[in-house]
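First comes the structure, then the notes that go with it.
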Amino acid sequence: MDPTIVLGVLAGAGVLTIMSSLRVLYEYQRGVVFRLGKLTRARGPGVVFLLPFGIERMNRVDLRIVAMDIPPQDTITRDNVSVRVNAVVYFRVADPTKAINEIEDYYFATSQLAQTTLRSVIGQSELDEVLAERDQVNETVRQIIDQGTDPWGIEVVGVEVKDIDLPQEMKRAMARQAEAERERRGKVIAAEGEFQASMKLGEAARVMAEQPIALQLRYLQTVVEIAAENNSTTLFPIPIDLFRPLLERMGGDQGGGGQTQQGSGRTTLPVGSTGAPELASGGAGSPEAILRNALGMGSGAPSATREEKERAPGEGPEE
């Protein structure tokens, strides 16, 4: 046989052997190499050369963070409430050699440890703590799982409780509790509002007592507000104090206090202590007549009686 052919065959076989012994690892991968069954070290990333003919074998390990879902777990809290909880665990391989050499399947083992730890932590907590202090529950579960998986070369990055399913009876009870709490807050707020309003009304009353004109201004403002409504009829009282200065002036013009006018059928009495004339009711000098004259509602002269109105025109007075 030609030696050249033999060398060519050997060279080709050598090249194929070398090519089959090369491995390419990505940046997030490591290769745990065993030489004749004995652990050597973790290699990578990049190109890795293995001794051919099965002398060295390599197991690939992914170093990226893995998000593992924990199935719903039925458990009972410390205050005897049945709940169903599910969560998610984030972990990654920190030591590839331990993850391959210390445990058979680190993914399955981490999942089982997370399930048992979650049930244990929920069972040691009350329902209010699980609902209100979820961050603390997550941190407690993470620390326990991390301590358990540390010998396997696994680092637990985080644990998040996704959902807490409560029985329907408990949901209704919590809804009644929340409703009662809202009603209590509403009553307290309403009582505080009434107290503050009463304080402000007391201050307003003191201001109006010191300044009587403020009450009249408030009255006029109320009248304006009533007039803005589309009402067909509006009834409102008129305080006599608004016309007191006018009554005093008109009473003074008609003779002052202490004088008696005869011949007209009316008597003017002395002026009282308040400065307003105290007049006999029914006469032309009474407050009602003065007020009507001031408002333009009367002429000041006594009106005709009913008999005079019914008397036919042209008839003279009865003899």
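Some points to look at:
- Residue pairs whose Cβ atoms lie under 6 Å apart, sitting 6 or more positions apart in sequence or on different chains, and linking a residue in the range 72-97 that is part of a helix (DSSP H, G or I) to a partner that is small (Gly, Ala, Ser), are Pro96/Ala42; Thr97/Ala42.
- Which numbered condition Arg64 fails, given (1) closer than 30 Å to Asp165 by Cβ; (2) under 43 Å from the mean Cα position of the chain (by Cα): (1)
- Filtered residues of the range 131-162 (kept if more than 28 Å from Val93 (Cβ to Cβ) and not aliphatic (A, V, I, L, M)): Glu133
- Scanning the range 122-161 for residues that are in a helix (DSSP H, G or I), surrounded by fewer than 20 Cβ atoms within 10 Å (Cβ to Cβ) and of a type in the set (Val, Ile, Thr) yields Thr140, Ile144.
- In this entry, Asp69 passes the filter for residues that are exposed (fewer than 14 other Cβ atoms within 10 Å of the Cβ) and at pLDDT 90 or above.
- Residues within the range 29-42 that are more than 16 Å from Gly153 (Cα to Cα) and of a type outside the set (S, T, N, Q), tallied: 6
- Within the range 3-30, residues that are in the same structural domain as Gly54 (by TED's automatic domain parsing) reach partners that are assigned to a loop (DSSP other than H, G, I, E, B) and among the aliphatic types (A, V, I, L, M) with beta carbons closer than 6 Å, at six or more positions or on different chains, in the pairs Ser21/Leu50; Tyr28/Leu63.
- Checked against (1) surrounded by 13 or more Cβ atoms within 10 Å (Cβ to Cβ); (2) at pLDDT below 90; (3) under 12 Å from Ile100 (Cα atoms), Gly31 passes all but a single condition, namely (2).
- The sole residue among Glu155, Glu203 that is in contact (Cβ under 8 Å) with a residue 40 or more places away in the chain and more than 30 Å from the chain's Cα centre (by Cα) is Glu155.
- Test result for Glu169, more than 24 Å from the chain's Cα centre (by Cα) and either of a type in the set (Asp, Glu) or part of a loop (DSSP other than H, G, I, E, B) (or both): yes
- Against the test of being more than 32 Å from the chain's Cα centre (by Cα) and exposed (fewer than 14 other Cβ atoms within 10 Å of the Cβ), the options Phe49, Phe91 yield a single qualifying residue, Phe49.
- The single condition among (1) farther than 29 Å from Leu113 by Cα; (2) in a loop (DSSP other than H, G, I, E, B) that Arg64 does not meet is (1).
- Any chance Ala109 is surrounded by 18 or more Cβ atoms within 10 Å (Cβ to Cβ) and of a type in the set (Gly, Ala, Ser): no
The values are calculated or read from the model by the stated rules, or taken from the named source; none is laboratory data. This structure is a prediction, so every number in the text was calculated from the model and none was measured. Because the Cβ atoms are built from the backbone with ideal geometry, glycine has one as well, and the counts that use them run over all protein chains shown.
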